[in-house]
Amino acid sequence: MQDNKEIQLQQQQQQPRPRGVPEGPGAQQAAPAQSGGPATRAAAVVAAAAVTLASLLGPVSLPPPLAPAAAEARARLTPEEQLTVDVFKRNVPSVVNVTNLAVRRDAFTMNMLEIPQGAGSGFVWDEKGHVVTNYHVIQDASDIQVTALGGDEYSARVIGVDRDKDIAVLQGLDM
């Protein structure tokens, strides 16, 4: 009777081995990992094709930048555009930031706090300090704060609204 090791050895010798797989005792432990499979070969072919194509085409260049005269020509505005810019420059000091403050009680300290609830823009309508803004900006406000271009802050109160047209008029206090 043959022992089990001899039978296994004979069975291994009778089975066909794939190419590159070593044979003999201990071959499976010492077998190096296979490399150079189809994916590696395909990547090498693609890389070689890219290098060849790049050498045939030569360096790729971008078009030259616009000449200064062309850039200056674009900077010129139409009369209508220039009028819009002039109107903006004249009126930018009247633009204000409107902050809607709501009074809330702090849950831990029980102190009353003014929390910003919403914000938007508006503009000063006249020398009396009337500010026009959107109704949704000041809706449900406990207090309203208006911040001018220079950073000065003023309190304001609502003196008129039209909910349907989403417009509100405020009176700036101490403006």
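Taken together, the values in this text are just the output of simple stated rules run on the coordinates, not laboratory data. Keep in mind that this is a model prediction, so the values were computed, not measured. Here Cβ is always computed from backbone atoms with ideal geometry, including for glycine, and neighbour counts include all displayed protein chains.
Overview of results
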read-out	value
Segment 93-172 - charge dipole about Cα centre, Lys and Arg +1 at Cβ, Asp and Glu -1, debye rounded to 20	140
Value of Rg/Rh across segment 105-175 [Cα atoms, Kirkwood radius]	1.03
Loop-located GluC sites (Glu not before Pro) in segment 98-160, at most 14 other Cβ atoms within 10 Å (DSSP)	Glu127
